[in-house]
1. In whole Å, how far is the Cα centre of region 52-120 from that of region 145-161?
2. Roughly what angle does helix 616-648 make with the longest principal axis of the chain, taking Cα atoms, 0 to 90 degrees, to the nearest 10?
3. Tell me, which longest segment in the chain has none of the trypsin sites (Lys or Arg not before Pro) that fall in DSSP loops with at most 16 further Cβ atoms within 10 Å?
4. How many nm separate the modelled label positions at VAL245 and ASN499, each set 7 Å beyond the Cα in the direction of the Cβ?
5. Decide, for region 484-623, between rounded, prolate and oblate: order the square roots of the alpha carbon gyration tensor eigenvalues as a ≥ b ≥ c, take rounded if a/c falls under 1.5, and otherwise choose prolate if a/b is larger than b/c, else oblate.
6. Label points 7 Å out from Cα along the Cβ direction at ASP613 and ASP231: separation in nm?
7. At 222 nm, what value in deg cm²/dmol follows for the chain if DSSP H runs of at least 4 each add -39500 (n - 2.57) and the sum is divided by all its residues, to the nearest 500?
8. If you bin the C-alpha pair distances of the chain every 20 Å from 0, what whole percents do you get?
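The values are calculated or read from the model by the stated rules, or taken from the named source; none is laboratory data. Since this is a predicted model, take the numbers as computed values, not measurements. Please note: Cβ atoms are built from the backbone with ideal geometry, for glycine as well, and neighbour counts cover all protein chains shown. Only protein heavy atoms, including side chains, enter the accessible area calculation; ligands, DNA and RNA are left aside. Shrake-Rupley method; radii C 1.70, N 1.55, O 1.52, S 1.80 Å.
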Amino acid sequence: MAKLRSLLHWLLGKQPAGPDPVARALQAFRDDNAKSIALLHQLVAALRPHGRGDEATGQRFATMLALLEADPILAAAFRHHIVHFLATRRLLTFFTDSGILPGTGFFSEWWRILGNRLLPEAHDERRLKDCLHLIFDRPNDWRWLEQLPTDHWQRLWAALAPSGELRDVDWRTIREQMLDAVLLLAHRISGLGVESELMRASPNFDDDRPSFIALSAEALEFTNIFRQALDAPEKSIDDGSQLLVIAEQCRKALQRIRRRALSVGTSLHLSYLLTRSEQSLDRLSELTAILVAGQNPQTNSEALPAWTGFASTAFLAENRRNSLRFYLAQLSRLLAVRVTENAARAGEHYICDTRADYRGMWSSAAGAGVLIGCMALLKIKAAALHAPLFVEAFLFSMIYGLGFVIIYLLGMTVATKQPAMTAQTLASLLGDIKPNRSADLEKVVDVVAAVCRSQLAAIAGNVMMALPVAIGLGLGLSYYYGAPLISTEKAAHLLADLNPLAWAIPHAAIAGFYLFLSGLISGYFDNHAAYAEFGARIAQLRWLRRLLGAERALRVGNYIQDRLGGIMGNLLFGCMLGSTGVIGTILGLPLDIRHIAFASANVGYALTGFQFDIAVQAILWAGLGVALIGLTNLAVSFALALRTALGARRIRFEHWGPLLGAIGRRLRQQPRSFFLPERSETNAG
């Protein structure tokens, strides 16, 4: 009967009733001879979620705390195991490295994480960092640890570190290693005083170098005095104020370099170095505050929240140490702010506030539409060559890439380039919005309306010119050569490519993704050009100086520096568009791109191929395909760009409801503002 009951429990997904797993794991701590790391592993296994839908982790953690607080003997046994376990481990690397970017650099750490996926690390149980990976042995443990309330952590550490036991031998050992960590962190930061990358990034860094040098000397004095106080408790300790003052001076120097980098550009190495240095300074300040508060009986209560904040952050970071996704997300923020700032400044030029801006946008888009009509014909004729795949990819890429570069250099506008840029401008506003302030919402709605009418003007300019230009070229060249420029078979193929029930929409999404990437590429090269001082370096070319003279060479260099991002973004965007179809052919996958401006031009060429002898339903169906392609281009690029910009600025915008409501009210009350600038703006302009 008992076996049958167990079988029924198993079939129903339930466990037979028995002792609570948390209570059972805690009772094991009463055994003084048990191995502490095994006990902790068993306790964590009882606390962590037992499945995807299990949200009772916080309740189990609270149960553990209640059991410890209700049973002093159990709490003492638990405390003995944990504190002795910490004291007998090497804590230095935990204090100095957990939660801090490694010193090996970006690519070395990337390869280390990838290597660990193939061949896991051999953990050393003598080091706390390694023991944490054995205790929290699941890579997603950080998720439930992150959800635990702060007061739960404080109650746990209060049970582990009562003020009456802080002078025990085990705690003395922990403090000694913490002092070593303070000294090591200070030496690490002091080494920045001779870091060439910082000197290059800040012309006045020589004035800040004494602070970095003094930090190491002050840390040595602080640790020496503190160790004397540990040996003789009656002696007064250094309160660490001077050490923290010097650390703050170093932090301000790094912040000045970071601010300058936002205006003149940065590099991956500089961003990495600044972030690691700031993390080390924060850790130095945290450990100093914990040491000082813990040694003084009057401030013991301040040590607990400081230690709790440090320990929980370090535990989470150590559990995510081998997460490639977390590491890449962390590193992407180093350059993303600067890259998206460049795109945001470009996005401001794509927003029409006045009638003059609106007319200028339409005319610049119309000029681009003319060139796109020509580019579409070149692409059709290049495809008719049936060249080898590599040659075909190169021809397509050059047609797209060089065409887009010419459009950019002539100051014209491609409609689909706007969302990736304007999303950055919108993101910069969302960070400061307060949903309970109507003025904040209205300011964002004003930008949304301006973006909509700017986008519509650009689309209208591109499509309304690309289509008639294509028809005009098709008819004119057919008349000139005395034969149809586009065959009937090719015309049918062009229309089939626009079928919204086939691959047109997925292919448009691919183009939208490329549009998003081109915005990031433009921002990256703008940043790199400013940081590397391309303009001044180009002006130093001897052959250019001999040809144009020093002054004109400098103007040429500045011209290239100011436009390098746009040139490279458009060129590489064209290469992505031109090579996707060929890559799909090589891989045997249905890969290709659809772009609204080129799609509208292809409709024009298809009409001339059929000599306008085509059903109206087919034309309307193709028009629907063009509209959906454009909508997909814009939606994908805008959504990805907005998400990236918000992530780069670490903005978690959670007020979409009030914002969408405000947009809806404006659309009902002033629908015209989403299509044309207000007349009052004309007068203002």
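1. 13 Å
2. 30 degrees
3. For trypsin sites (Lys or Arg not before Pro) (loop position, at most 16 other Cβ atoms within 10 Å), the longest site-free span of the chain is 438-649.
4. Result: 7.9 nm between the two label points.
5. It is prolate, given that a/c is not under 1.5 and a/b is the larger ratio.
6. The modelled label-to-label distance comes out at 10.7 nm.
7. The helix-only estimate for the chain comes to -25500 deg cm²/dmol at 222 nm.
8. 14, 36, 31, 17, 3, 0
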